[in-house]
Amino acid sequence: MTKKQTWSQRFESALHPAIARFNASIGFDIELIEYDITGSQAHAKMLAHTGIISHEEGEILFTGLEQIRQEYHQGQFQPGIDSEDVHFAVEKRLTEIVGDVGKKLHTARSRNDQVGTDTRLYLRDQIQQIRQQLREFQGVILDIAEKNVETLIPGYTHLQRAQPVSLAHHLLAYFQMAQRDWERLADVYSRVNISPLGCGALAGTTFPIDRHYTANLLHFDHVYANSLDGVSDRDFAIEFLCAASIIMVHLSRLSEEVILWASEEFRFVTLKDSCATGSSIMPQKKNPDVPELVRGKTGRVFGHLQAMLVIMKGLPLAYNKDLQEDKEGIFDSVNTVKACLEAMTILLQEGLEFRHQRLATAVTEDFANATDVADYLAARGVPFREAYNIVGKVVKTSIAADKLLKDLQLEEWQEIHPAFAADIYEAIAPRQVVAARNSYGGTGFVQVREAIINARTQLSGK
Ligand code: ARG
């Protein structure tokens with residue numbers, strides 16, 4: 001039998017050791033210790049401020065808690081399984097340090113509002129760190145884009161060559177995804193940053209507490225208006241996991257592209273040694289482990305989102321121990337997103353070399369300029385659908401003759417349609433094909449340069 005628990009006075013015997021282990025969250029919620037201490041310090045101040053305890057007692061609690069923080073930093077405080085969770089661990093240590101006054105800390109509070117407070121304080125910090133990482137990721141994308149406005153790369157639909165695009169334009173698509181991620185996290189933050197402290201176990205408290213006072217000390221924007229909701233709401237966790245999942249979708253798509261680009265079939269990029277690994281058996285290989293791992297790790301973050309939704313769906317109000325299951329998924333998602341953002345930023349910054357020669361050839365070796373021939377005719381009065389059909393036939397006969405559009409003689413063009421003139425060759429040259437797509441948001445160089453300027457402005461935005 002284990003030692004008796006904090007709550008064990010109404011129990012006849014102690015917990016079975018296996019059940020104690022099963023019940024405990026200290027193994028993972030120790031991650032919250034800093035926030036638990038900070039939250040408790042605010043609570044102690046409020047207790048003194050409202051006269052629920054004396055100012056001297058408030059001081060003693062505050063200082064004792066600060067000592068636990070130091071002990072933890074110095075590796076001297078490592079609570080074990082007998083503490084059940086981080087909240088009990090801190091309270092127990094506090095009482096060891098300051099004596100019986102420590103037992104007053106939990107006045108007008110429950111672990112239910114406490115754990116909600118801690119988790120929100122933690123997530124708040126992590127969201128800001130992830131947003132900062134997104135900024136760095138975007139900065140690196142923008143640097144590469146700036147150097148590659150006029151580098152052309154085949155653009156695809158259905159993974160079939162469609163139309164060539166500016167490499168900068170292609171990369172800026174990921175800049176925009178990251179921009180939405182950055183904004184989305186700010187929105188999530190606004191609902192993370194609401195204080196449940198003072199909701200008590202579920203119904204509020206009989207003590208004359210001041211919830212706004214603690215919320216202010218902890219820099220929460222608002223307090224929960226309903227105590228039952230305050231202790232049992234995990235919407236903020238679902239929203240965070242959803243935002244984290246969307247970040248992973250974006251990183252995983254980019255990963256997939258890098259993996260394709262690095263293949264012998266594409267040969268659009270070379271992986272630098274600092275970000276690639278070899279095979280234990282095939283000496284010629286250089287593997288894209290970084291993007292593969294990012295793509296693979298995406299699965300676990302999606303899994304945590306799904307788990308959180310399922311944890312919540314059948315829960316009656318208010319707190320249920322099921323909610324203890326929120327933490328590992330949140331922590332793992334935070335760590336995974338941060339690690340993946342860091343790795344992808346490094347990969348882009350120094351792990352990839354675009355093969356300019358190969359890209360330049362790639363955009364001339366297909367029929368990706370076919371739309372431009374149709375547009376050429378349409379601009380000269382041929383209805384687009386008719387022009388489309390004409391060019392379809394040209395592509396068919398060219399493939400049969402093993403020719404590209406640029407190889408057709410002017411007479412051949414004019415046999416197809418009298419509207420063709422010598423300027424058709426210029427119109428279907430890859431550079432012109434890209435430059436001509438000058439509609440807003442398109443790949444035309446003028447647009448891309450404008451997009452880069454706008455992106456710089458977005459990047460400096462708060
Ligand atoms: N360790 C618990 C959790 O993470 C703390 C709250 C426990 N509350 C309770 N009434 N058992 O959710």
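Restricting to DSSP H runs of at least four residues, report the calculated mean residue ellipticity at 222 nm for the chain, -39500 (n - 2.57) per run over all residues, nearest 500 deg cm²/dmol. Please report the intermediate quantities before stating the final value.
Values: 19 runs with 275 residues, N = 462.
Only helices count here, giving -19500 deg cm²/dmol.
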Exercise. On a 0 to 90° scale, report how tilted helix 235-261 is relative to the longest principal axis of the chain, with both axes built from alpha carbons and the result rounded to the nearest 10.
Key: 30
Self-check item: Pairwise centroid distance, computed over Cα atoms, of the range 362-392 with the range 279-295, Å
Solution: 41
Self-check item: Likely footprinting exposure, MET312, MET344, fewest C-beta neighbours within 10 Å first
Solution: MET312, MET344
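Write down the Kirkwood hydrodynamic radius of the range 136-259, to one decimal in angstroms, obtained as one divided by the mean of 1/r over all alpha carbon pairs. Before the final figure, lay out the partial values.
Numbers: mean 1/r = 0.0559 Å⁻¹.
Computed over Cα pairs of the range 136-259, the Kirkwood hydrodynamic radius comes out at 17.9 Å.
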Self-check item: Ellipsoid equivalent to the range 236-344 - semi-axes via the Cα gyration tensor, in Å
Solution: 37, 12, 10
Self-check item: Principal-axis tilt of helix 370-379 within the chain, Cα atoms, nearest 10 degrees
Solution: 70
Practice problem: Can you grab the distance from the C-alpha centre of the range 224-278 to the C-alpha centre of the range 408-462, Å, no decimals? | Solution: 32
Quiz item: Looking at SER333, VAL301, ASN320, which one has the Cα that reaches farthest to the positive end of the dipole of the range 287-375 (charges on Cβ: Lys, Arg +1; Asp, Glu -1)?
Solution: ASN320
Practice problem: For the range 353-433, compute Rh as the Kirkwood radius over C-alpha pairs and then the Stokes-Einstein diffusion coefficient at 4 °C and 1.567 mPa s; write the answer in µm²/s, rounded to an integer. | Solution: 98
Quiz prompt | Ellipsoid equivalent to the range 43-153 - semi-axes via the Cα gyration tensor, in Å | solution = 45, 16, 13
Exercise. Bin all alpha-carbon pair distances of the chain at 20 Å intervals from 0 and give each bin's fraction as a whole percent.
Key: 20, 38, 25, 13, 3, 0
Quiz item: Could you list log10 I(q)/I(0) for the range 1-100 at q = 0.15, 0.20, 0.21 Å⁻¹, which the Debye formula gives when each Cα is one point scatterer?
Solution: -0.66, -1.01, -1.06
Quiz item: So how far, in whole Å, is the C-alpha centre of the range 307-322 from the one of the range 147-197?
Solution: 34
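To two decimal places, what compactness ratio does the range 266-314 give when its Cα radius of gyration is scaled by 2.2 N^0.38 Å?
1.79
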Exercise. Just list whichever of LYS45/LYS338; LYS45/LYS103; LYS147/LYS406; LYS297/LYS327; LYS297/LYS338 have alpha carbons separated by over 23 Å in the model shown.
Key: LYS45/LYS338; LYS147/LYS406
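Read-outs throughout are calculated quantities, based only on the coordinates presented, and are distinct from any laboratory measurement. Here the structure is a predicted model, which is why all the values come from computation and not from measurement. Cβ sites come from the backbone with ideal geometry, for glycine too, and all protein chains shown count toward neighbours.
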